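Taking it in order: structure first as structure tokens, then the write-up.
Bear in mind that the values in this text are calculations on the coordinates, not laboratory data. The structure presented is a predicted model; accordingly, all values stated were derived computationally and were not measured. When we count neighbours, we look across all protein chains shown, and the Cβ atoms used for this are built from the backbone with ideal geometry, even at glycine.
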Amino acid sequence: VYRLHERLVSIRTEYNLRLKSGAPATAVTAVTVTSGQRRPEPDEAPLRYLQELLAWVEENQRRVATAEWGADLPTVETHLGAHRGLHCAIEEFRAKVERARADEVRPCRGVGCGRAGRGRSCKPPPPPVPPQNSSKSRLRHLESLHGFVSAATKELLWLSEREEEEVAFDWSHNNPAMAAKKESYS
């Protein structure tokens, strides 16, 4: 996988250098293999890979934007657990993107860089991955919601226990503990 990643970065860098220098980019649609199977050309494979990555980013951005919040403690905990898994996947993706950026931003030694460009980066790094920020925000909001719903659930359980005590209490005037009960309410 790492070798494929390095190959992708080198092909993408070479392609970008060709575009910047004004040289025509070679785009052969396919190379035939002896088995008759269609094999993508090096310029086509990175493009497809990038399209798949963009589709992954868009899909996860949609998942984060349309995810449910939950109405009670068990559903909030379920959504929080599911989002933690998604957030880990997004963080792993971010690490891969940063590694690709580090591999891509190398000293420019190709055609079209000129003397002033030697030893400098060919292009600035792109902006951060979009789902990362919304995922962090959703994770913080889910954790906050979980804390609130947990506290509210504890309070409701306490109130329910107190209600059972009050309903079970003998409120008649014959109860010797009635004076103490009246005193506790004043």
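A few comments on the model shown:
- Residues in the range 176-186 carry Karplus couplings, in order, of x, 8, 5, 5, 5, 5, 4, 5, 5, 8, 8 Hz; the curve used is 6.51 cos²θ - 1.76 cosθ + 1.60 with θ = phi - 60°, and Gly or Pro positions show x.
- Each peptide in 132-139, 147-154, 161-168 was scored by the mean count of other Cβ atoms within 10 Å over its residues; highest first, the order is 132-139, 147-154, 161-168.
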